[in-house]
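J.: Input: one structure, supplied below.
The values are calculated or read from the model by the stated rules, or taken from the named source; none is laboratory data. Computed from a prediction, not measured in an experiment: that's the story for all the values here. Backbone-built Cβ (ideal geometry, glycine too); neighbour counts: all protein chains shown.
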Amino acid sequence: MMTREEIIKTVNDALMKEFELKPESMKPEANFFADLGLDSLDAVDMVVVLEQAFKVKLRKNYEVGKIMTLNDLYNYIENLVKENV
Amino acid sequence: MAIQNYDVAVIGSGISGMTAALLFAKKGKKVALFEQAPHLAPLFSGFDRGGVHIESGFHYSGVLGKDEIGGLLFKELGLNMPVELCSKDGYDDAYLLKSGRLFKFPFGRQLFEQKLIEFFPNEKDGIKKYLDLAYSQLEKIPFLNFHKREYKSEEFFYFADDKTTLSEVLNDCFKDEEIKSLLSFSSVLYGVPPSKVAFVLHCCCSGIMFETVWKIKGGGAALVKEFKRVIENSGIAVFCNKKVVKIEVEKDKKKLTFADSSQILCDICVSSIHPKEFLKIAPPETYRAKNVERIQSLPETDGFFVLYGKVKDGFRVDTNNVGFLTGDSFQKDHKNAYYINFSNSNPQAVCAVMAVDSDEKLWDIPQNEYEQKKKEISQNIKDEIKNRKPELFDKIEFLGIATPKTQKRFVNYYGSYGIMHTAESANILPITKVGGLFVVGQATIAPGLIGAMISSFLLDKIIDRSLENKNV
């Protein structure tokens, strides 16, 4: 099973590559909209790349709309990965 | 002369384009509708050959009754559509070639369930399970809930995201390959193979025919005629033979350039054309590079190879489609599936249709190769029908051939339903990174008449919501 550190690394790598983000902007408290400059259009791509990276279905779960910061996303994926084991 | 200015410019006059234009006109906007073809809605309009009208875009649909979603959307647009119910006991015929039986698709759950059990008694439990699953999906989708009679704005923001495929559901419910083939055959009518389509999308496209199936008196051409009537009365400026070649952003305005070098300005621009065609004319700031890559990688639905003609000797067939299913049709994902469509016109038009790969590379080929290919596929279809149903074959007079390349010439894309919606891909969103530049059409919601209309209604609600937010 993936550790939290592995999850964080996988999320960060995937998002940095997809959205051309700088490593120093990837702070846990960073807000997707205010700090990372993403918009609702990017949210769709974010879901697509994370589903590919973790081989889990994210879209089935409507909680996904409550994710505002990178930390929210790490927590969310950590729980999903646990459930899938 | 000063450059013409519009509040809204809609590119493409298919169902979603006409719907979007009407909805903006209802908001009191000055709207222009641009179509590259010589007349509006080329796909739905069909064409005349040898004294018969051939349908190229529309045959029948579920939920067009006046208190069903299609009927309610027509009403909202001011359209008085001449709809009529298909035959309740058999709107489509499927020959089950393995067991040598003819299944006539009825509508109404009870009839459908009884008929399935009668044909497949050993699958009784699976049939109930399958229909329960399909109905529970339909209940969840606000537009398709059979008991709903009105719609709230926020319901247009409902997105179903379950990625279970139709094949997975059928394999889970049934052992018999013949029933799996039968229940997945309609996937040919929205262009996504059973192993790739999300079960929920299958329900959106085919499940809507569980309760009612409607035709339009006079077919697709009558539907377009009614749209035209309302468009003419709404003050929308309509331009045909007007192909947009470039969209640019100039301050708060969008500037459209046409193939004839003329230009117009608008505040809002709505593209209803194929998303890959939109990418060719859209300003670079429309999407991020990765986003463009994702749209480019979306697969195209199969194309239709059509042998069209008419029924001879006053013979009449009282069904829409006659399909032929072999024991392994489902296993083969209905690849190269074929069926015969009968119109309700007089004289009765016939289209023998085969689903074929619509990849541009297969159709954009030298003329002599293309002619050869046409010859081979038509012979193949003719032989199939002749072998399966010689008595039917003898009644058909073939008049011509339409291929994905023919369709490309009229509607600018090869696949029958544009981009393929798969369980793995995300829909194209109505918004772009450019404020006031939007996308509607089959790729944003779902394929078909209802999917195209809902895509424009969704945009209408997005605009309402952003106006509300501004007022707060």
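J.: What pairs can you find where one residue is in the stretch A:15-32 and within 17 Å of A:Val49 (Cα to Cα), the other is of a type in the set (Gly, Ala, Ser), and their Cβ atoms are less than 8 Å apart, with a gap of 6+ or different chains?
T.: A:Phe32/A:Ala43
J.: Here's a follow-up. Could you check, for the stretch A:49-62, whether at least one of its residues is within 26 Å of B:Glu293 (Cβ to Cβ), aromatic (Phe, Trp, Tyr), part of a loop (DSSP other than H, G, I, E, B) and away from every other protein chain (no Cβ under 12 Å)?
T.: No.
J.: If I filter the stretch B:323-360 down to residues being of a type in the set (D, E, K, R) and over 22 Å from the mean Cα position of the chain (by Cα), which single residue comes out as surrounded by the most Cβ atoms within 10 Å (Cβ to Cβ)?
T.: Here is the first cut: in the stretch B:323-360, the residues of a type in the set (D, E, K, R) are B:328, B:332-333, B:335, B:357, B:359-360.
With over 22 Å from the mean Cα position of the chain (by Cα) added as a condition, the list becomes B:328, B:332.
On the way: B:Asp328: 11, B:Lys332: 14.
Residue satisfying both the conditions and the ranking: B:Lys332.
J.: A follow-up question, please. So in the stretch B:281-322, with the set limited to residues that are within 14 Å of chain A (Cβ to nearest Cβ), within 26 Å of B:Gln36 (Cβ to Cβ) and small (Gly, Ala, Ser), which one is nearest to the chain's Cα centre (by Cα)?
T.: B:Ser297
J.: For the structure I just gave you, tell me whether A:Leu73 is part of a helix (DSSP H, G or I), modelled with pLDDT of 90 or more and either more than 13 Å from the chain's Cα centre (by Cα) or not aromatic (Phe, Trp, Tyr) (or both).
T.: When the stated conditions are applied, A:Leu73 passes them.
J.: Assuming B:Glu154 fulfils every condition listed in (1) at pLDDT 85 or above; (2) within 14 Å of chain A (Cβ to nearest Cβ) apart from one, which condition is it?
T.: B:Glu154 satisfies all of (1) at pLDDT 85 or above; (2) within 14 Å of chain A (Cβ to nearest Cβ) except (1).
J.: Shifting gears a bit: Give the residue, chosen from B:Ser261, B:Ser297, B:Ser329, that is of a type in the set (S, T, N, Q) and in contact with a helix residue (DSSP H, G or I) (Cβ under 9 Å, 6 or more places away or on another chain). Break it down stepwise before answering.
T.: On the way: B:Ser261 fails: in contact with a helix residue (DSSP H, G or I) (Cβ under 9 Å, 6 or more places away or on another chain); B:Ser297 fails: in contact with a helix residue (DSSP H, G or I) (Cβ under 9 Å, 6 or more places away or on another chain).
Among B:Ser261, B:Ser297, B:Ser329, only B:Ser329 is of a type in the set (S, T, N, Q) and in contact with a helix residue (DSSP H, G or I) (Cβ under 9 Å, 6 or more places away or on another chain).
J.: In the stretch A:22-42, which residue that is part of a loop (DSSP other than H, G, I, E, B) and within 14 Å of another protein chain (Cβ to nearest Cβ) is farthest from A:Asn12 (Cα to Cα)?
T.: Applying the first criterion (part of a loop (DSSP other than H, G, I, E, B)) to the stretch A:22-42 yields A:22, A:26-30, A:32-39.
Now narrow it down to the ones that are within 14 Å of another protein chain (Cβ to nearest Cβ): A:33, A:36-39.
Details: A:Phe33: 16, A:Leu36: 12, A:Gly37: 15, A:Leu38: 14, A:Asp39: 17 Å.
Top of the filtered list is A:Asp39.
J.: For the stretch A:37-70: of the residues being at pLDDT below 85 and hydroxyl-bearing (Ser, Thr, Tyr), which is farthest from B:Leu429 (Cα to Cα)?
T.: Looking at residues that are at pLDDT below 85 and hydroxyl-bearing (Ser, Thr, Tyr), I get A:Tyr62.
J.: Then there's this: So which of B:Lys88, B:Lys124, B:Lys180 ends up being modelled with pLDDT of 95 or more and over 20 Å from B:Leu201 (Cα atoms)?
T.: Working: B:Lys88 fails: modelled with pLDDT of 95 or more; B:Lys180 fails: over 20 Å from B:Leu201 (Cα atoms).
Unique residue meeting the criteria: B:Lys124.
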